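Notes follow once the structure below has been shown.
The values are calculated or read from the model by the stated rules, or taken from the named source; none is laboratory data. Nothing here was measured: the structure is a model prediction, and the numbers come from that model. Backbone-built Cβ (ideal geometry, glycine too); neighbour counts: all protein chains shown. The accessibility values were calculated without ligands, DNA or RNA, using every heavy atom of the protein model including side chains. Shrake-Rupley method; radii C 1.70, N 1.55, O 1.52, S 1.80 Å.
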Amino acid sequence: MTATVAGTAPTPVESLRRLAGAVGARLWWLPAGFVGLMVAWALAPGLFAPHEPERQNLRARLLPPLSESSDGYHWAGTGSLGKDLFSQMIHGARLTLMIAVIATGIAMIFGVMLGLAAGYFGGIVDRFVSRLSEAQTAMPMFLVAILLLSILGPSVTILLIVLPTLVWPIFARVVRAEALRLRQSQFIEASIAVGCTTPTVLVSHMLPNIAPRILVLAVIEIGHVMLAEAGLSFLGVGVQPPDTTWGLLIAQGRDLLAVSWWLTILPGVLLGLTVLCLNLLSRRYERSAGAAG
């Protein structure tokens, strides 16, 4: 019997992971271009939408993708009132991305402040932030968000208040861990020794060293917030008409899924691809930052 050396041959899973990493490293411009297109849709939807998103044409109702009517060509088909789905998806990108970016930004600011304070001061501040983060993480916050939106009423403003509560603990934990590590470093000790104030140490010395991790985490959490908004809108407690998001389009098409699959599937695919591309870009940036460091 011949002995085999462990680790000489990669497993199929490891081989596929390495192949995916190699392809992703060379084709990173694909997710970057897709996210850039979504941002362009959000900034100037009128330049890309072939039709008015709220224009109704009952004679062209429930047309499948790649159909043509008296109004013109419908790349993604039409809805139950004859509205062009492709134009609605383009215009829905603005509110979808706006809610995700603003909510993530609020959560990031709140989580970074608490994480820096916990990691730098330690003691009772660290215990308070840690217990608060753990308590919120242990709670079914998505169900709490549904309850709050049901009580306060579904609106974009309430969403921007509720959604940050879902993700701020993630920022707080990551920043706290990095701040604890940096607090023991020589350059932070030297800054304190020469008389730098606490705000100066936190903002000018600690924060720049943690910023790459925060940026990677923010990009990932934008995708998570997009999924959370879509879930809340799908359940009827998120964005309400006449506003439009991809999650609301998915919800509006669910009753016709058996006969008009495109009304739900196409916005869902668009949402999924956007979240996937954001995750790929965050991993690309994380690898680049790690190689540079």
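Return the pairs, sorted by first residue and then second, in which the second residue is of a type in the set (Lys, Arg) and surrounded by 14 or more Cβ atoms within 10 Å (Cβ to Cβ), the first residue lies in segment 127-148 and is closer than 18 Å to His224 by Cβ, the beta carbons are less than 8 Å apart, and the residues are 6+ apart or on different chains.
Every condition considered, the pairs that remain are Ser133/Arg173.
Given (1) under 28 Å from the mean Cα position of the chain (by Cα); (2) without any contact (Cβ under 8 Å) to a residue 24 or more places away in the chain, identify the lone condition not met by Leu97.
(2) is the only condition that Leu97 fails.
For every residue, the table says whether it meets (1) more than 19 Å from Ala42 (Cβ to Cβ); (2) of a type in the set (Ser, Thr, Tyr); (3) open to solvent by 70 Å² or more (accessible area, probe 1.4 Å); (4) touching a strand residue (DSSP E or B) at 6+ places or on another chain (Cβ under 9 Å).
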site: Thr245; (1), (2), (3), (4): no, yes, no, no
site: Leu256; (1), (2), (3), (4): yes, no, no, no
site: Leu266; (1), (2), (3), (4): no, no, no, no
site: Thr274; (1), (2), (3), (4): no, yes, no, no
site: Tyr285; (1), (2), (3), (4): yes, yes, yes, no
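Can you give me the number of residues within segment 187-217 that are farther than 19 Å from Ala117 by Cβ, outside any loop (DSSP other than H, G, I, E, B) and among the aliphatic types (A, V, I, L, M)?
4
Those residues that are in contact with a Lys or Arg (Cβ under 9 Å, 6 or more places away or on another chain) and open to solvent by 50 Å² or more (accessible area, probe 1.4 Å), I need them from segment 209-243; list them, please.
Residue satisfying the conditions is Phe234 alone.
Filtering segment 76-87 down to residues that are out of contact with any Asp or Glu (no Cβ under 8 Å at 6 or more places or on another chain) and open to solvent by 20 Å² or more (accessible area, probe 1.4 Å), which residue is modelled with the highest pLDDT?
Phe86
Per-residue answers, yes or no, for (1) over 17 Å from Ala76 (Cβ atoms); (2) modelled with pLDDT under 90:
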{"position": "Arg18", "(1), (2)": "yes, yes"}
{"position": "Gly24", "(1), (2)": "yes, yes"}
{"position": "Ala40", "(1), (2)": "yes, no"}
{"position": "Pro50", "(1), (2)": "no, no"}
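Counting just the residues of segment 153-192 that are modelled with pLDDT of 90 or more and basic (Lys, Arg), which one comes out most open to solvent (accessible area, probe 1.4 Å)?
Arg181
Could you tell me which residue of segment 47-68 is nearest to Leu263 (Cα to Cα), considering only residues that are open to solvent by less than 60 Å² (accessible area, probe 1.4 Å) and within 27 Å of the chain's Cα centre (by Cα)?
Pro53
Could you tell me whether Val144 is modelled with pLDDT of 90 or more and assigned to a helix (DSSP H, G or I)?
no
Residues being open to solvent by 80 Å² or more (accessible area, probe 1.4 Å) and either in contact (Cβ under 8 Å) with a residue 12 or more places away in the chain or more than 25 Å from Ile106 (Cα to Cα) (or both): count how many of those fall in segment 193-208.
Looking only at that region, the number is 2.
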